[in-house]
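A short worksheet on the structure shown next.
The values are calculated or read from the model by the stated rules, or taken from the named source; none is laboratory data. Computed from a prediction, not measured in an experiment: that's the story for all the values here. Heads up, the Cβs are rebuilt from the backbone with ideal geometry, glycines too, and the neighbour counts pull from every protein chain shown. Surface accessibility is based on the protein's heavy atoms, side chains included, excluding ligands, DNA and RNA. Shrake-Rupley method; radii C 1.70, N 1.55, O 1.52, S 1.80 Å.
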There are 4 protein chains.
Amino acid sequence: MTRSVNHSTVAMTTLALVAVWPPLTAGAQTTTTRQESCVPSRFGPADQTGNLHYVTPAKTLAATRLVTRGKAYRLGIETNKRTPAYPPRTFAITVVQPGQPLGAPIGPTRTTYNDDIITGWVGIGSQIDGLGHLGIDNVYFNCNKAADFVTVEGLKKLGIETVPPIATRAILLDMVGYFGSDPVKEGTPFNRAEIEGAMKRQRIPSIEKGDVVLFHTGWAKLIGKDDKRYGAGEPGVGVSGASYLASRGVAMVGADTWGLEVIPAEKDSGVFEGHQILLARNGIYILENMDTAEMVKDGAWQSLFTLGPPRVTGAVQAIINPIAIK
Amino acid sequence: MTRSVNHSTVAMTTLALVAVWPPLTAGAQTTTTRQESCVPSRFGPADQTGNLHYVTPAKTLAATRLVTRGKAYRLGIETNKRTPAYPPRTFAITVVQPGQPLGAPIGPTRTTYNDDIITGWVGIGSQIDGLGHLGIDNVYFNCNKAADFVTVEGLKKLGIETVPPIATRAILLDMVGYFGSDPVKEGTPFNRAEIEGAMKRQRIPSIEKGDVVLFHTGWAKLIGKDDKRYGAGEPGVGVSGASYLASRGVAMVGADTWGLEVIPAEKDSGVFEGHQILLARNGIYILENMDTAEMVKDGAWQSLFTLGPPRVTGAVQAIINPIAIK
Amino acid sequence: MTRSVNHSTVAMTTLALVAVWPPLTAGAQTTTTRQESCVPSRFGPADQTGNLHYVTPAKTLAATRLVTRGKAYRLGIETNKRTPAYPPRTFAITVVQPGQPLGAPIGPTRTTYNDDIITGWVGIGSQIDGLGHLGIDNVYFNCNKAADFVTVEGLKKLGIETVPPIATRAILLDMVGYFGSDPVKEGTPFNRAEIEGAMKRQRIPSIEKGDVVLFHTGWAKLIGKDDKRYGAGEPGVGVSGASYLASRGVAMVGADTWGLEVIPAEKDSGVFEGHQILLARNGIYILENMDTAEMVKDGAWQSLFTLGPPRVTGAVQAIINPIAIK
Amino acid sequence: MTRSVNHSTVAMTTLALVAVWPPLTAGAQTTTTRQESCVPSRFGPADQTGNLHYVTPAKTLAATRLVTRGKAYRLGIETNKRTPAYPPRTFAITVVQPGQPLGAPIGPTRTTYNDDIITGWVGIGSQIDGLGHLGIDNVYFNCNKAADFVTVEGLKKLGIETVPPIATRAILLDMVGYFGSDPVKEGTPFNRAEIEGAMKRQRIPSIEKGDVVLFHTGWAKLIGKDDKRYGAGEPGVGVSGASYLASRGVAMVGADTWGLEVIPAEKDSGVFEGHQILLARNGIYILENMDTAEMVKDGAWQSLFTLGPPRVTGAVQAIINPIAIK
């Protein structure tokens, strides 16, 4: 298959950059579609949950048995106006004291309080991509067409409020250890060889249905130190790596990077094609900006992973802070 | 102790209503303070964590051993513009498709995607109150004065990003079963007798340090059915009940109500005095609008409770969705 | 010409309602287009200003000569969270005191200050529709295609910041007096006969190039009294009336209603077809929710009309408060 | 009068910087107040309008007679996310297409439309400061105490919606010409000598009651070219200059700078003491970031000035675009 240089360039373009230079990408698609956009869920036409179906009580119960020390880890990084994010994403909170002019306390016990307002894009800091986040030609997970479920006020299907409670096994792959580079360099793809290589190195026997796979790359350390490099690229999952993970039946894939996938992208790959494979074709959720550093330090390769995304109705994504327990 | 009728009225006023009628409450405080506003943390002058210090690895490990079935519960209700909330609290999300005019796909694999923006008050739906939410005379947990840490752009201390990873035991008290009323009526206080009575009925031997105590009242069922009644009052923790729970060293207290405390408040109590006792005087976090119905149905009286609030820097509260596992 | 009942129904649907029931309208368009979507501006291919070109210094100078009493009128109504607006439009302001904890003043002269934040849809209250607001089949004024100038972050052409300074003649047509009904009933169309009839009654000899034509219907009185009726319909400009006004070369058309056009719409008309005729086909701006009551009371049929919309870059509309002087 | 060095430092601090370094300013006020904070309006205890009372029909009528050419000027600069503004002020608009998935047109005439949402601080770009913006020790114009009229949801008095229609004489003072420096250097105060000097140079006989006085300094040219210098200081009205203008009974004072007043401030002056003199003590509105360049080029020293600020209920300020006509 021959592909023009232009296409390779497009493939290397991040979604985020698209917002900055839409003309570059607007007319860049091929006239023929490389993949079917409608991929029915293996869990039936009404399914909105995808591979989280594999997180059964038995799976959860088994995961709780992985806990041997009782140490809990928070995987969320901080989200604020300085967290690197591509235009036009912005974030702010405003703290107010309703009904307390000049700090006037209320009632006999002199009550005072603060309240807060968020004005911000959800895709900043640690986040989960719901199944309605990214699709193929305006068709999303389980053949849901944008025209049928996407509105300005929220998604009518696949919203983040539909995510079931999550408590399952997490497998943490230490790509820094595997590659001997901290951080792993941008543009380094993780495909089957690298995934299995890291597993072997860490003596992890297998990836199984319903698992959460987390990649540690050291990339998050750049935040606040070299935001420019942080945002311009990243090491991450390659196209065939995404397919390999999907073939294992994982429920979620995450990393300590902003976009999970390798950037610049592999030759001949689509724009965030890994997202398409995971979210749209396989119902596998994506976790970004996961703070995996302390778990790596402790060698917490297998743990109980729990997550309840804030249930904002119709939201595409959520700012999250999963708890892993070893 | 004699207190004027006016003070009782004020005591019955919810914080939320204060925002609507500030003149009523503005001048209502007594000239003398009933309680010391500065209560040092038992964990030292630098402490921002409060009773979550009691959630040790041993505590977490023991809690994981409570899991016998592997069933996970999500305790979050949905947050959206219809979720009942007092003025001026509002909530909206906006879903957009940056760089994709008229749905134009990007690149060779025809990528399309949705992004979302939140514009809303955090105190809507399921929420955690951080230790900087409510205080006594502008002094908050561990003697932190508002003038020293509260800014329009966020809290400089006690922000929600400081909350450590939470994995501990949850004790669920079925007040519907105890009172034989579903929902429990508004204005019904839960104090020591009711708490111990419910424990006895459910054969829960004790409340211990680091526990999360959740009250099921059936109140959340009113949402969307009788929002007016839902917001005008609620059953909940009384003043001495709050002190009793604090004496047990709990880490968090929650309920399936919007404000945890009994409303109308008990005679002679302050405005949200229970919040003052829990948050400001004892470093105990508060969880509101917890969806406890399914856990009650299953008799999940003791469970592993996990929570990672989204780490928005300087935020007072967080919209949450804790995961309990039985 | 025969048109199906379904089309008439669609024609009666307001744009605002579209947001509520998009499925109804999504598939309702005919397969053939009734009108060309690309209508070049008579002022050349680079034009973004439309008929405001007719507001020449001579026109402005002549308009200032209409002032005989020196009485100024503000045509803006108030915009706030209670102003009736269709979903999902919402509006809020938040007032804060940065850097002044508990009201602490700053510096030797004890300075204190308030600041404010707007979080709201622009299409609430008194507003101007820019030429990028509404088009035909995603083609807007002067053949500008949405894909070429509309982005999530703002319009790259036709934004409200491009509006030149406006000082011209306003002609106020008293439709309440003409119809002898206050307010004029919803569904009452204003076409050539009604427009010329009102002019004759008020002894206004002619409508000329560059004029602003304002209709007084009494409809705005319903705000806060019968918001439901206010939003469900309105008297207003009909399809042929819009074309008639365009034939006169007017620069702007406004009314004391939320949408200018007659609702329910005339038989066989499109959805906001009058907007299409004025904005997209003729470069004529639209003014909504104009407070014309006092001018009518004073018989200020001809006046100097001035307007500078806040120059928010790339904005589609603006909240306005024009000043008319008699 | 002796004043400490520290006070001078404080005096040089801009309000904007206060938001960045509140600790510096928080405890810096003297224990004695230099001025009375309550200054009753000369227009009575109910007055919310201040010196705009001087804009009578006779004044307006006379101002219209100043128009000799019919040339209209827009005094607003653009407001967007790149407009320089101090933290925490931010600004964004979001453009959406409700009910039009993938650009689907509506109805038989294939209607499409854009809508927009503002999320931003009002104090960015061209703005009017209302009389509730800045005060003395939490007392604002006409002895209005913050505790009585300032709420998180908006001002209950002195809100921008109370501003009457404005059509009066503008006097433009060309300080660039007067000082022979373009721009006039930061820290250059305009007091009586400079004001009268500029008037004499431009042959403007007098400043009178109800006038709008605008200063042209060339400062606005720095926007987008040297935002750092632009924000770090400015030439402008001095303390005695503010008092002098007040003594003339002007209705408004504006400039092509972000804060009107000279920064660094004069020795011994308060923080934005000129704002206190104009807004709080004299009921004179302030206009910032006025685009006066073209008027200076044309020598439009006296003109008809019209302004209707968007009537957002309870707003402190407004983004504006006044129209001047010569």
Conditions (1) farther than 21 Å from A:ILE77 by Cβ; (2) out of contact with any strand residue (DSSP E or B) (no Cβ under 6 Å at 6 or more places or on another chain): number failed by A:LEU222
(1)
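Condition check: within 14 Å of chain B (Cβ to nearest Cβ) and surrounded by 22 or more Cβ atoms within 10 Å (Cβ to Cβ). Does A:PRO235 satisfy that? First the steps, then the outcome.
On the way: within 14 Å of chain B (Cβ to nearest Cβ): no; surrounded by 22 or more Cβ atoms within 10 Å (Cβ to Cβ): yes.
So A:PRO235 fails the test.
Results for (1) of a type in the set (S, T, N, Q); (2) within 27 Å of C:ALA167 (Cα to Cα); (3) surrounded by 19 or more Cβ atoms within 10 Å (Cβ to Cβ), shown as yes or no for each residue.
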residue	(1), (2), (3)
D:ASP174	no, yes, yes
D:ASP182	no, no, no
D:SER206	yes, yes, no
D:ASP211	no, yes, yes
Would you please name the residue that is nearest to A:PRO309 (Cα to Cα), looking only at residues in the range B:289-308 that are open to solvent by less than 10 Å² (accessible area, probe 1.4 Å) and in contact with a Pro (Cβ under 9 Å, 6 or more places away or on another chain)?
B:LEU307
Please determine whether any residue of the range C:270-279 is at pLDDT 95 or above, farther than 30 Å from D:TRP121 by Cα, under 12 Å from the mean Cα position of the chain (by Cα) and more than 11 Å from chain D (Cβ to nearest Cβ).
yes
C:ALA246 fails exactly one of the following numbered conditions: (1) away from chain D (no Cβ under 14 Å); (2) small (Gly, Ala, Ser); (3) more than 18 Å from C:HIS133 (Cα to Cα). What is the number of that condition?
(3)
Options A:MET295, A:MET290; residue that is over 13 Å from the mean Cα position of the chain (by Cα), more than 16 Å from B:THR109 (Cβ to Cβ) and within 13 Å of chain B (Cβ to nearest Cβ)
A:MET295
Just one listed residue, out of D:LYS326, D:LYS225, is away from chain C (no Cβ under 11 Å), among the basic types (Lys, Arg) and either surrounded by fewer than 24 Cβ atoms within 10 Å (Cβ to Cβ) or under 30 Å from C:ILE93 (Cα atoms) (or both), and it is D:LYS225
When every residue in the range C:52-81 that is open to solvent by 30 Å² or more (accessible area, probe 1.4 Å) and farther than 16 Å from C:LEU304 by Cβ is compared, the one nearest to the chain's Cα centre (by Cα) is C:GLU78
Which one of these does D:ILE286 not meet: (1) assigned to a loop (DSSP other than H, G, I, E, B); (2) crowded, with 24+ Cβ neighbours inside 10 Å?
(1)
If you take the residues in the range A:124-145 that are in a helix (DSSP H, G or I) and either crowded, with 22+ Cβ neighbours inside 10 Å or touching a His at 6+ places or on another chain (Cβ under 7 Å) (or both), which one is nearest to the other protein chains (Cβ to nearest Cβ)?
A:PHE141
Considering only the range D:39-76, state which residues are closer than 16 Å to D:LEU278 by Cβ and aromatic (Phe, Trp, Tyr).
D:PHE43, D:TYR54
Qualifying positions in the range A:87-107 - more than 30 Å from B:ILE136 (Cβ to Cβ), surrounded by fewer than 20 Cβ atoms within 10 Å (Cβ to Cβ) and either within 7 Å of another protein chain (Cβ to nearest Cβ) or under 18 Å from the mean Cα position of the chain (by Cα) (or both):
A:ARG89, A:THR90
Filter the range A:298-323 for residues that are within 8 Å of chain B (Cβ to nearest Cβ) and in a strand (DSSP E or B); which is farthest from A:VAL250 (Cα to Cα)?
A:VAL312
Find all pairs meeting these conditions: Cβ atoms under 9 angstrom apart; at least six residues apart or on different chains; first residue within the range A:244-273 and at positive phi; second residue at pLDDT 95 or above and of a type in the set (Gly, Ala, Ser).
A:GLY249/A:GLY210; A:LEU260/A:GLY236; A:LEU260/A:ALA242; A:LEU260/A:GLY254; A:LEU260/A:GLY274; A:PHE272/A:GLY259; A:PHE272/A:ALA265; A:PHE272/B:GLY107
Read through the list (1) crowded, with 19+ Cβ neighbours inside 10 Å; (2) at the interface with another protein chain (Cβ under 9 Å from one of its Cβ atoms); (3) in contact with a helix residue (DSSP H, G or I) (Cβ under 6 Å, 6 or more places away or on another chain); (4) not small (Gly, Ala, Ser), then give the number of the only condition that B:VAL152 fails.
(3)
Residue check: is C:HIS275 farther than 26 Å from C:ARG65 by Cα and buried (at least 17 other Cβ atoms within 10 Å of the Cβ)?
yes
Failed criterion for B:THR49 (all others in (1) open to solvent by 50 Å² or more (accessible area, probe 1.4 Å); (2) touching a residue at least 24 places away in the same chain (Cβ under 8 Å); (3) among the polar types (S, T, N, Q) hold):
(1)
